[in-house]
Amino acid sequence: MWETVIGLEIHVQLATDSKLFSSSSTNFGSEQNTQASIIDLAMPGVLPVLNKKAVNMAIMFGLAVDAKIADKSIFARKNYFYPDLPKGYQISQYELPVVYDGELEINLDGKSKTIGITRAHLEEDAGKSIHDLFDGESAIDLNRAGTPLIEIVSEPDMRSAREAVTYLKKIHSIVKSLGISDGNMEEGSFRCDANVSLRKPGEDFGIRAEIKNINSFRFVEHAINYEVGRQQDILESGGAVNQETRLYDPKKDETRPMRSKEEANDYRYFPDPDLLPVEITKKQISEIKKSLPELPDAKKERFILEYGLKNDDAEILSSSLDLSEYFEKASINVSSKFQLLANFILSEVVGLSNKHSLDISKSPVTPDEIAKLVTYVSDEKISIKQAKEVLNESWQNKTNVDKIIKSKNIEQISNIDLLSDEAKKILEKHPKEVQDYKNGKDKLMGFFVGQVMKETQGKANPKALNEILHKLLKGE
Amino acid sequence: MIYKSVTEILEAIKKKQISATEITKEYLKRIKASGDLNCFITLTEDSALNRAKEIDKDISKNNLKPLSGLPIAQKDIFCTKGIKTSCGSKMLDNFISPYDATVVDKLNEAGTIMLGKTNMDEFAMGSSNETSFYGAVKNPWDYEYVPGGSSGGSASAVAARISPCSTGTDTGGSIRQPASLCGICGLKPTYGRVSRFGMIAFASSLDQAGLFTTDALDAAVLLKEISGHDPKDSTSSTVEVPNYHDYCINSDKKNFTVGIPEEFVNDLNDDVKNSFYESVKILENIGCKIKKINLKHTGLGVSAYQVVAPAECSSNLSRFDGVRYGHRSKKSESLESLYRESRSEGFGKEVKRRILVGTYALSAGYYDAYYLKAQKVRNLIAQDFSQAFEKVDLILGPTTPDKAFKIGEKMNDPIAMYLSDVYTVSTNLAGLPAMSIPMGFKEGMPLGLQIIGNHFDEKDILKLSYLYQKETDWHEQVPGA
């Protein structure tokens, strides 16, 4: 039996307007190299000036994960050559990061577990190398160069790919809740490196491989699972895992070696003499603390108290800012049927958004529309089955739910007099079956329901209809 | 108009005895007549004359700025917009800066006229100006001798009176040592007094911009204009900038307590010793109290410097990779060869040596033994000074152990070359201000007196220099006169 050991390094792009050390815009998707100033281009003689907002954002994160905040933090140069790294060094932090010694509780399969957060430090992003634009030549886009990041380094506390993804999702939810990142994984605002190793339980850590730059929750799970399998094969055949950096290829669902330990750079870290140490005061920390928005754990408690949700549902809803916002927007228009709403969102809406790989915040069916559907179900205007059908159609055709219900004429008949009339008609039509039923052929109840449904084109409220039929058959 | 100081030129322009155009033409003429000195890498004749015309127009409208019409030479380490900024290197032989350094900006703003960009050791690494891609600069006192370095072109130009003043940079003595060897004043301000923005970095924690002039008052006038906090340089100081010139003229202070570190005078040769103690006598006559002091870690200064400076340089010079600007080898076929060939061809021998030394000192496994240890020595040196400044106002010594050496004499002996900085590096390590002023001659070559002050106490350095220069005429000696 092998035990999987996983530690994550998460890179989170901070939502500042300007770069970490220059006044260039951090806007995504602008024309190449239009957001690269003389500082981002590393012209001779230029100097970095720290964007203090980024420091405050790092502090916010630190407070959210119960970490210590350094009273004095230092920027260091990480030296290596690459064309998208204009200075030939990245300004990062080595000793004395802004945030250290934090922890985060995650919940998986009803069990909770604490993951240690070693540190979170500020650093600047590199530019982008583009290899497929010009034949035989590489192009450099420095728009991203200098964009502020925090790198969040966990302890090797996770024991499965699912735990890693749960942790990753929670961090994602925290940074989005704090408003310090847009968390957009497709645009690279939130990406992670996974350190994976195997060991026999109780033994020392095994040799790890680092899988670089994974940019979706799904890929993280796949990449780790692939890597675990690969390492297990090696170890079980008596081999040794290489300490190396690997890349995950989502198309082939495999990891491939990128560079070995021997090829690894000696980054020659040393304190950046161009920047003064960052002094962080207690006052600054307490002011930031006061301004912190609601975090996922607090939100979960509130969802249980305020909406009476089940623990597990509150947990899932609060773990994603998009999801909780969606729920809360819909909840405004749903009177008291919050658990029903939660069920419907978690099973149906989340199902659709997963199927279409679309963020729930970008769902074509708005929370208001979902509230309507849930209200109709709870008022027994439509059945839950119909609600699902309407949702599907609304998602696909982007038409509003009222229109669909009207056009399909699928409004449920819950009117008792109306249903009684229909039921009576059917019973009168089938005296033999009524007699058989009375003689103990219970199965025939389904027949009667089916007949009424047929008459009403399936619009009869099944629950009400059942009650009415029971009453009529007993009474006769 | 023969040999005028900065203050005299400014006065003459103010009184309209001479126009900015006339004085600019005069200095351009002198520069051209002095071609053999090799002081300039780029002469900006046209732009200087155009600018002089504009300034004359301003003057005619009585729009006078503090340095209106003053010609100045800029060390080619300062970025100058639209003008080649080579840093003395083949690497930047094709580099036209897209922006002005803060020092350049401030001097332009104050009304100066740039005559050109002066020659220097490549990337300011050198003590003789022989490592320049543009060839050695000559010492105007004797063309066979070096002017010192790295700001050799700037020092030689002021000494030869082909520019009334110039800018320099000082990482381990690169202003004071050439000032000493050329017989002029060279002021290195406190670290952080003058912005480093736009000054091509050699060793960021040691680099400081400063000035060359013929006398202390001139330095005082110029220092005020280039000093002050720059939001573009986080390490620049917000300490208030005094009016140095008025302080020199008006303050009654003269009974300074002056410390002489034993470590600075123990091993001097007789000529330097004699000149130095004659200067001490003059200061005593002025009213100064002389005190023997110790700076016991001075001997470690050059060693610590030769770790810290190369370490920082190895990182600072990484940006010269042939990708975005600067020299790009034609031989490059792959990314790695683009780096290797461009840097091999673009950098000279001394620069390569320091990059290698610095890379080594920062390497995994050596960092603690070299870089960290050097930083510890640096702290000890700074402590020596701060303890000394509890007892004395200013510290005095010779700027260099000897007069200038001959061109070629030390090029193959880097250690001997590095040791010519022995009295200057420790002030950089401690971030202190210091100035070299002429104190005599040895065999016809000038000698310099170094005055070191406490942090941000440039005013007392200038005041003492001013008092000394009222009693002496070393600074009025002109080569070839």
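Laboratory data are not the source of any read-out in this text; all were calculated from the coordinates shown. As the structure is a computational prediction, the values presented were derived from the model and not from experiment. Here Cβ is always computed from backbone atoms with ideal geometry, including for glycine, and neighbour counts include all displayed protein chains.
Sorted from largest to smallest, which semi-axis lengths in Å does the alpha carbon gyration tensor of chain A give for its equivalent ellipsoid, taking the root of 5 times each eigenvalue?
Ellipsoid semi-axes (Å, largest first): 56, 25, 22.
Tell me which of A:Ile285, A:Leu8, A:Gly202 sits at the most positive position along the dipole axis of the stretch A:3-288, charges placed on C-beta atoms (Lys, Arg +1; Asp, Glu -1).
The residue sitting most towards the positive pole is A:Ile285.
Counting pairs of alpha carbon atoms under 8 Å apart in space and at least six apart in sequence, what relative contact order in percent does chain A give?
14
Over the Cα atoms of chain B, how large are the radius of gyration and the largest Cα-Cα distance (Dmax), in Å?
Computed over the Cα atoms of chain B, radius of gyration and Dmax are 21.1, 69 Å.
Based on Cβ point charges of +1 for Lys and Arg and -1 for Asp and Glu, what charge dipole magnitude is obtained for the stretch A:294-408 about its Cα centre, in debye rounded to the nearest 20?
Dipole about the Cα centre, nearest 20: 540 debye.
State which entries of A:Lys252/A:Lys388; A:Lys283/B:Lys232; A:Lys19/A:Lys289 exceed 29 angstrom in Cα-Cα distance in the structure shown.
Over 29 Å apart, Cα to Cα: A:Lys252/A:Lys388.
What's the average, rounded to a whole number, of partner chain beta-carbon atoms within 10 Å of each residue's beta-carbon in A:32-40?
That works out to 1 on average.
Relative contact order of the stretch A:416-475: what whole-number percent is it, with Cα pairs under 8 angstrom and at least 6 residues apart?
Rounded, it is 46 percent for the stretch A:416-475.
Return the calculated 222 nm mean residue ellipticity for chain B, to the nearest 500 deg cm²/dmol, obtained by summing -39500 (n - 2.57) across DSSP H runs with n ≥ 4 and dividing by the residue count.
So the helix-based figure for chain B works out to -11500 deg cm²/dmol.
For the protein assembly as shown, report the convex hull volume of the alpha-carbon atoms normalised per residue, in Å³, without decimals.
Spread over its residues, the Cα hull of the protein assembly as shown gives 225 Å³ apiece.
Over chain B, what is the mean sequence separation of C-alpha contacts under 8 Å (at least six apart), divided by residue count, expressed as relative contact order in percent?
18
DSSP beta bridges in the protein assembly as shown, what fraction antiparallel, as a percent rounded to 5?
Expressed as a percentage, antiparallel bridges in the protein assembly as shown total about 85.
Going Cα to Cα from A:Lys398, which aspartates and glutamates come in below 19 Å? Please leave out same-chain ones fewer than 8 positions away.
A:Glu348, A:Asp359, A:Asp368, A:Glu369, A:Glu389
With Kirkwood's inverse mean 1/r over C-alpha pairs for Rh, give me the Rg to Rh ratio of the stretch A:416-475, two decimals please.
Using only Cα positions, Rg/Rh for the stretch A:416-475 is 0.92.
If packing is taken as the average number of other Cβ atoms within 10 Å across a peptide's residues, how do B:417-425, B:446-454 rank, most packed first?
Top of the packing list down: B:446-454, B:417-425.
So which of B:Lys65/B:Lys253; B:Lys117/B:Lys330; B:Lys188/B:Lys442; A:Lys212/A:Lys300; A:Lys111/A:Lys299; A:Lys169/A:Lys200 end up more than 21 Å apart, counting from Cα to Cα?
B:Lys65/B:Lys253; B:Lys117/B:Lys330; B:Lys188/B:Lys442; A:Lys212/A:Lys300; A:Lys169/A:Lys200
Using +1 at the Cβ of each Lys and Arg and -1 at the Cβ of each Asp and Glu in the protein assembly as shown, identify which of A:Leu473, A:Ala58, A:Gln32 lies farthest towards the dipole's positive end.
Projecting each Cα onto the dipole axis, the largest value belongs to A:Leu473.
Can you compute the charge dipole magnitude of the protein assembly as shown about its Cα centre, using +1 on each Lys and Arg Cβ and -1 on each Asp and Glu Cβ, nothing else charged? Give it in debye, rounded to the nearest 20.
Here the protein assembly as shown has a charge dipole of around 1020 debye.
Name the residue from A:Ile180, A:Val374, A:Gly450 whose Cα lies farthest towards the positive end of the charge dipole of chain A, charges +1 on Cβ of Lys and Arg and -1 on Cβ of Asp and Glu.
Value computed over the given set: A:Gly450.
Just how large is the dipole of chain A about the Cα centre, in debye to the nearest 20, putting +1 at every Lys and Arg Cβ and -1 at every Asp and Glu Cβ?
1420
Could you put A:Met60, B:Met445 in order, starting from the residue whose Cβ has the fewest other Cβ atoms within 10 Å?
B:Met445, A:Met60
Working from the alpha-carbon coordinates of the stretch B:46-185, get Rg over Rh, Rh being the Kirkwood radius.
Rg/Rh: 1.00.
Please identify the trypsin sites (Lys or Arg not before Pro) of the stretch A:129-189 that satisfy two criteria: DSSP loop assignment and at most 14 other Cβ atoms within 10 Å. Which are they?
Answer in residue order: A:Arg159.
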